[in-house]
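Engineer: Below are the structure tokens for one structure; questions will follow.
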Amino acid sequence: MAKITQLQKKEFLKKKLGTNAHWAKRGLLKIFEFQTQEEQDHECTHDHNGVGFTGVDGEFLSSLAKQLLKYGKLSDKQMVHLFKKMPKYWKQILTISNEEKLNALILKG
């Protein structure tokens, strides 16, 4: 199997998170899980622990995650915003990804 570089992983994840609805929504929910219970409840970022949403995104992305959990969907307008915001979370997604499966997806193109 060919060696996959960190740059290839970064570019692949950023592209998927910024263009693929399934990846963006799943990534949103995974990052939301990293928020502390207090952060989830108050839709903000209190703890600077290196996981979860940034302070700027905390309120908005937490509200999207809650809506997605409650209704199972987001509007087209919300998806546009989600596609703009999710690529910056590629590294957190990488740390929770199955490396073997990710590498296989990258090789597939």
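The values are calculated or read from the model by the stated rules, or taken from the named source; none is laboratory data. Just so it is clear, the model here is predicted, and its values are computed rather than measured. Cβ coordinates were reconstructed from backbone atoms using ideal geometry, including for glycine residues, and neighbour counts include every protein chain displayed.
Engineer: Return the only residue of Leu74, Leu61, Leu17, Leu28 being aliphatic (A, V, I, L, M), surrounded by 15 or more Cβ atoms within 10 Å (Cβ to Cβ), at pLDDT 85 or above and touching a Pro at 6+ places or on another chain (Cβ under 6 Å).
Structural biologist: Leu17
Engineer: Among the residues of the stretch 50-79, count how many are β-branched (Val, Ile, Thr) and within 14 Å of the chain's Cα centre (by Cα).
Structural biologist: The qualifying residues number 2.
Engineer: Which pairs turn up if I take residues in the stretch 11-30 that are at negative phi and look for partners that are not hydrophobic (A, V, I, L, M, F, W, C) and not in a helix (DSSP H, G or I) with beta carbon separation below 9 Å, at least 6 apart in sequence or on another chain?
Structural biologist: What qualifies is Leu13/Ser97; Lys25/Lys73.
Engineer: Can you pull out every residue in the stretch 56-109 that is more than 19 Å from Phe34 (Cβ to Cβ) and touching a residue at least 40 places away in the same chain (Cβ under 8 Å)?
Structural biologist: Selection gives Leu74, Met79, Phe83, Lys84, Asn103, Leu105, Ile106, Leu107.
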